[in-house]
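The values are calculated or read from the model by the stated rules, or taken from the named source; none is laboratory data. This one's a predicted model, so the numbers in the text were calculated from it and none came from an experiment. Reconstructed Cβ throughout: ideal geometry from the backbone, glycine too, with neighbour counts over all protein chains shown.
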Amino acid sequence: MNQFKVILCLGITLSFYACEKEEYPQSTADVIQDAVYQIYDITYDKSTDLTRVEANFMSEPVLRRLPLSDAASVSFNEELLMLEGRASYTGEYEGPVSGLLNYQDTNDSIYQNAFKWNSASFIDEVETIGRNQRYDLEWEGPPMEEGEYFKIIYPNEYSTENGLEVNLTAKIIPENEFEGNTIFLYPGMLERIPLGEVEFILERRWDKFEIDGTSAGGQIQTTYTAIPKTFTITE
């Protein structure tokens, strides 16, 4: 009887393991190719003068990153991106490199998406910002395009926990927070910044959700990070 129980339990365990393994695909070879969702995250940092390209792939019903099958590939400007970790494909290049992303699936279907950089930088003047009124922050660069927005990263006076400083991020959108080459910083944001000299980081971002891809779709996000600038914050 005990032997029967052991065999029964082992059979149940193996059946459960087989079902679980079937439920979780190991690579894009295990899913419907037209259901593969592409995710591209491309960053350029002016301080380091480096462009980094990262590609990830997902598929329903398990929304987790999947490595590509041996028959699939992803490249940037005809150079293969290399596997980093379990399922991310990356490449790093000197300068603000624009170009063409190319994904080829196991059915030899090819999906191509291009992107380009729009720069942004702070002006060089020394600036003092008062926390109690709107401040008009000037920036330099090409005009904003559809789908672009700014993010400003700055110190947060009220979110220091366990001795660690926590930065805040403000998403600056076109409708009411900037016009032309002027970003509007309102008191509600400024009052949370500590007094004295603080460093602002400016990111120019672009999100695109309509890409050349499978029926599942995909997305591209580019982030151009300007050289940080120090401001003096007063009441």
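Give the number of residues within the range 212-227 that are over 14 Å from M58 (Cα atoms) and surrounded by fewer than 19 Cβ atoms within 10 Å (Cβ to Cβ). So the count comes out to 4. Scanning the range 195-225 for residues being among the aliphatic types (A, V, I, L, M) and over 19 Å from G147 (Cβ atoms) gives a total of 4. Checked against (1) among the hydrophobic types (A, V, I, L, M, F, W, C); (2) part of a strand (DSSP E or B); (3) out of contact with any Asp or Glu (no Cβ under 6 Å at 6 or more places or on another chain), I227 meets all criteria but (2). The residues listed here are F150, F57, F76; of these, the one that is assigned by TED's automatic domain parsing to the domain that holds I183, at negative phi and hydrophobic (A, V, I, L, M, F, W, C) is F150. Would you say Q3 is out of contact with any Asp or Glu (no Cβ under 8 Å at 6 or more places or on another chain), assigned to a helix (DSSP H, G or I), modelled with pLDDT under 90 and farther than 30 Å from I201 by Cα? Criteria met by Q3. Scanning the range 38-80 for residues that are of a type in the set (S, T, Y), assigned to a strand (DSSP E or B) and modelled with pLDDT of 95 or more returns Y40, T43, Y44, T51, S73, S75.
The combined condition, being in contact with a helix residue (DSSP H, G or I) (Cβ under 7 Å, 6 or more places away or on another chain), under 30 Å from E199 (Cβ atoms), in contact (Cβ under 8 Å) with a residue 24 or more places away in the chain and buried (at least 16 other Cβ atoms within 10 Å of the Cβ), is not fulfilled by R52.
Within the range 196-235, being basic (K, R) and over 13 Å from the mean Cα position of the chain (by Cα) holds for one residue alone: K229. Would you check if there is a residue in the range 114-127 being among the aliphatic types (A, V, I, L, M), without any contact (Cβ under 8 Å) to a residue 60 or more places away in the chain and within 19 Å of R205 (Cβ to Cβ)? Within the range 114-127 (the criterion being among the aliphatic types (A, V, I, L, M), without any contact (Cβ under 8 Å) to a residue 60 or more places away in the chain and within 19 Å of R205 (Cβ to Cβ)), the answer is yes, since at least one residue qualifies.
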